[in-house]
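Here the structure comes first, spelled out in structure tokens, and everything after it is commentary.
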Amino acid sequence: MQDASEHLTTNDRRDFLRRGVSYVAGAAAVGGASIATASGLSANLPPNEPQWGRQLGTGVVENPYGLPSRHESQVVRRTVPWLTAESISSISMSPIQDLKGIITPNGLVFERYHAGVPDINPDEHRLMIHGLVDNPLIFTMEDLMRFPSVSEIKFIECPANGGMEWRGPQMEALQFTHGMLSCCEWTGVPLKVLLDAAGIQTEGKWILAEGADGAHMSRSIPIEKILDDTLVVYAQNGEMLRPEQGYPLRLLNPGWEGNTSIKWLRRIEVGDKPWHHREETSKYTDLMEDGRARRFTYVQECNSVITSPCPENPIRRKGFLEIEGLAWTGRGKIKGVDISFDGGVSWQPAQLKGLVLDKALTRFSLMTQWQGEPWLIQSRAYDDSGYVQPTLAQLREQRGVNSIYHKNSIHTWQVAPTGEVKNVQIT
Amino acid sequence: MFKSPKSIVALTFAVSCAAGLVHAQDYQIGTPATALEIAGWDIDIRPDGKGLPVGSGNAIDGEEAYEMVCASCHGVFGEGEGRWPVLVGGEGTLADERPVKTVGSYWPYASTLFDYIRRAMPFTAPMSLSDQQVYDITAYVLYMNDIIEEDFELSQQNLAQIVMPNEDGFFVDDRPDVQNPRCMSDCADPDKLMMKGSLAGVTPIGHFVEGADAPAASHSGQHDLEASKEAERKAAITGEEPAVAEASEPAAMSAAAIAGESTYKAACGVCHTNGLAGAPKVGDASAWVERLQQGNDLLISHALQGFAGSTGYMPAKGGRADLSDEAVTNAVLFMVESQH
């Protein structure tokens, strides 16, 4: 290990830099008193009794709604400003490089707004169901919460996740290559139950879902999806929806592109044909190489990415290493994930760990050793429909490079002998 | 805790299946929606014209409305300002290396244009246009794309008959379109692998790379960055030193102005930070000289009641009817006093 650390000076320095921020902040908190020993090591380390063991901490309800440790302040949503004209109709990414397990904390769920976050008074929010139904209905939030509730863990992903890299790699961090992705436990009512209450007519084949925000975001959804698993949800991870996620009410189409899960949901109209609105014609259609475009590309196909190591999580020590990552599919459950260290020439199976749920993030893991060898490391997921995550070359051959959406190809990280990790593409 | 959701789902499924076969479970929850309530919210338009309101409009009348409420973002000729969407042109480019997707080159139905303008435009004041204005502006955008004549009277009766150039350019999702076999060894020739690295310095990575020369991590930072690049570009042409803002001591602000800052950030900044919709940018002295001479009372009155000038358009309270008069007044004072 002594030999290894000599080779890792760059990383050690970065590691120290990161920790150093905590030490400085810690020192400031106790009135600037110097607690460093002559050797330069913290007086909070053994054999010394640390500062926090020699004083009292804060009391109850100091933060009535708790906050993360201030030493975790780097775990935040981030945006790439040049992607959009301004921040009101824009997107931010979840810090998936820092998250554990499969649940995204509510404050870190990625954001996508078309007209900003409305401030909705739940007492004045209504869901209207009308169109080809026998009994057009209006529900208050209180009404909706009287229905028997269901809670399900499902991912939501923007179909543009990874879409900046059809022509080549340009995002220098996992948060930007794959962070338009989150997974929560959602609580609400199956939309089918509400449509049953309204009495859907036999000609009713599509619904239009519409938001109450300034964009009045709207999407057409075929009735088959509603009968399958569409939910109207009012809670996420045990609390009411965050404003960013549609408070007080949103649609959830599990496994489908995120924009179909209309936020701030106020209206469901049943019709016999799709509406072909702006967000399903001008946007969220996939332009092919021949100039024609796919529409109603709802499903988020099987995808995966290694979250450690990644650019934000370089390898800091030689020796034992757990490769970890996330896999997901809009078609069902993840069946397995393979790992390649040589750019896709050879593969070995990883383990799925923890919960393996339908249309939820699934965590995979592979224990290995690293002795400073350069890697081109990849993950390749496959799902229970038999679909295997494709290569970028295969997607480009079918679609060209202008489709923006639904780039679910195998992703490559280049691990340097220093342990640093870069985003690259292999062809 | 992870067992129970499954069993709840199973139970609900059993209940709803059984109910579906016999009769829907009647929870007696909800209130009948009246025709009046539905009419107020039922704003959607379909390609067959279903949902279009009574009325008509044309490009001649649409030009004025377009220039007042649309051109500041979409450009006088629909060419798009900055990163805002281009509305016109691009025909025949969809198979090009850099396709230009516009209303004329890409959108399959004219109904979508009417629907979208009505539900979401103008960006800063959605649902503020009359049906007449929506017909006029829709006609003008179609006219700019050479889809209708200037004097064509676009109406509830004929909008669905407009044929858009790219109507047949779409097909329904046919994925999965690739089949990758789950190969485990000798899957590629290692000698033929080509590796392409990331462009360096295009994403904000200062949070994990020591000393990274990171670009802006926020939209306001991005605007500053672009402004300074533009100044450098101009300086390179003129040979003059880029103008550096004088670092003068900021003048003390009134209590009202200080109180107005939060309203400015939450509401006004959308336009007044970036000059959207012709709004005078805070800190842009040339845009404020004449306005300041008019006096605060007039500026406040314009902000409260709305204003249509030669360069821009501001709805009453910037479209934020929820703001109190006092909050808007304070925000105006904040903007005015920020010029000093």
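The values are calculated or read from the model by the stated rules, or taken from the named source; none is laboratory data. Computed from a predicted structure; not experimentally measured. Cβ: placed from backbone, ideal geometry, glycine included. Neighbour counts: every protein chain shown. Only protein heavy atoms, including side chains, enter the accessible area calculation; ligands, DNA and RNA are left aside. Shrake-Rupley method; radii C 1.70, N 1.55, O 1.52, S 1.80 Å.
Just a few scattered comments:
- Of A:122, A:136, all but one fail to be under 19 Å from residue A:248 (Cβ atoms), open to solvent by 30 Å² or more (accessible area, probe 1.4 Å) and either more than 11 Å from chain B (Cβ to nearest Cβ) or in contact (Cβ under 8 Å) with a residue 40 or more places away in the chain (or both); the exception is A:122.
- Number of the exception - residue B:65 against (1) outside any loop (DSSP other than H, G, I, E, B); (2) touching an Asp or Glu at 6+ places or on another chain (Cβ under 6 Å); (3) of a type in the set (A, V, I, L, M); (4) within 12 Å of another protein chain (Cβ to nearest Cβ): (4)
- When A:87, A:73 are screened for being open to solvent by 30 Å² or more (accessible area, probe 1.4 Å) and within 25 Å of residue B:272 (Cα to Cα), only A:87 passes.
- Any hit, the stretch B:43-60, residues being more than 10 Å from chain A (Cβ to nearest Cβ), more than 24 Å from residue A:113 (Cβ to Cβ) and free of Cβ contacts under 8 Å to residues at least 60 places away in the same chain: no
- Search result, residues across the stretch A:352-367 that are over 21 Å from the mean Cα position of the chain (by Cα) and loosely packed, with under 15 Cβ neighbours inside 10 Å: A:367
- The selection criterion, being open to solvent by less than 20 Å² (accessible area, probe 1.4 Å), under 25 Å from residue B:192 (Cα atoms), touching an Asp or Glu at 6+ places or on another chain (Cβ under 8 Å) and at the interface with another protein chain (Cβ under 7 Å from one of its Cβ atoms), does not hold for residue A:398.
- Residue check for residue B:226: open to solvent by 30 Å² or more (accessible area, probe 1.4 Å), out of contact with any Ser or Thr (no Cβ under 7 Å at 6 or more places or on another chain) and more than 30 Å from residue A:406 (Cβ to Cβ): yes
- Single unsatisfied condition, residue A:304 versus (1) outside any loop (DSSP other than H, G, I, E, B); (2) farther than 30 Å from residue A:371 by Cα; (3) in contact with a strand residue (DSSP E or B) (Cβ under 8 Å, 6 or more places away or on another chain); (4) within 14 Å of chain B (Cβ to nearest Cβ): (2)
- Here residue A:95 clears all of (1) under 21 Å from residue A:236 (Cβ atoms); (2) in a loop (DSSP other than H, G, I, E, B); (3) of a type outside the set (A, V, I, L, M, F, W, C); (4) open to solvent by 20 Å² or more (accessible area, probe 1.4 Å) except the condition numbered (4).
- Strands (runs of 3 or more DSSP E) lying entirely in the stretch A:310-364 (those with 1 or more residues that are within 11 Å of chain B (Cβ to nearest Cβ)): A:334-340
- Residues of the stretch B:110-121 satisfying the condition of being more than 10 Å from chain A (Cβ to nearest Cβ) and either of a type in the set (Phe, Trp, Tyr) or farther than 22 Å from residue B:162 by Cα (or both): B:114
- The one condition in (1) small (Gly, Ala, Ser); (2) over 24 Å from the mean Cα position of the chain (by Cα); (3) buried (at least 23 other Cβ atoms within 10 Å of the Cβ) that residue A:293 fails to fulfil: (3)
- Scanning the stretch B:203-223 for residues that are open to solvent by 40 Å² or more (accessible area, probe 1.4 Å) and facing chain A (nearest Cβ under 7 Å) returns B:207, B:210, B:217, B:218.
- Count of the stretch B:281-310 residues which are touching a residue at least 40 places away in the same chain (Cβ under 8 Å) and in a loop (DSSP other than H, G, I, E, B): 2
- A search for C-beta distances below 6 Å between a residue of the stretch B:329-340 that is more than 10 Å from residue B:299 (Cα to Cα) and any residue that is outside any helix (DSSP H, G or I) and open to solvent by 20 Å² or more (accessible area, probe 1.4 Å), counting only pairs 6+ apart in sequence or on different chains, returns B:335/B:282; B:337/B:253; B:338/B:282; B:340/B:251.
- Single residue of the stretch B:254-268 satisfying the filter (open to solvent by less than 60 Å² (accessible area, probe 1.4 Å) and of a type in the set (A, V, I, L, M, F, W, C)) that is modelled with the lowest pLDDT: B:267
- Any hit, the stretch A:273-283, residues being part of a strand (DSSP E or B) and either touching a residue at least 12 places away in the same chain (Cβ under 8 Å) or open to solvent by 10 Å² or more (accessible area, probe 1.4 Å) (or both): no
- Subset of the stretch B:152-193 [open to solvent by 30 Å² or more (accessible area, probe 1.4 Å), more than 7 Å from every other protein chain (Cβ to nearest Cβ) and touching a Ser or Thr at 6+ places or on another chain (Cβ under 6 Å)]: B:153
- Filtered residues of the stretch B:95-127 (kept if of a type in the set (S, T, N, Q) and either in contact (Cβ under 8 Å) with a residue 60 or more places away in the chain or not in a loop (DSSP other than H, G, I, E, B) (or both)): B:105, B:111, B:112, B:124
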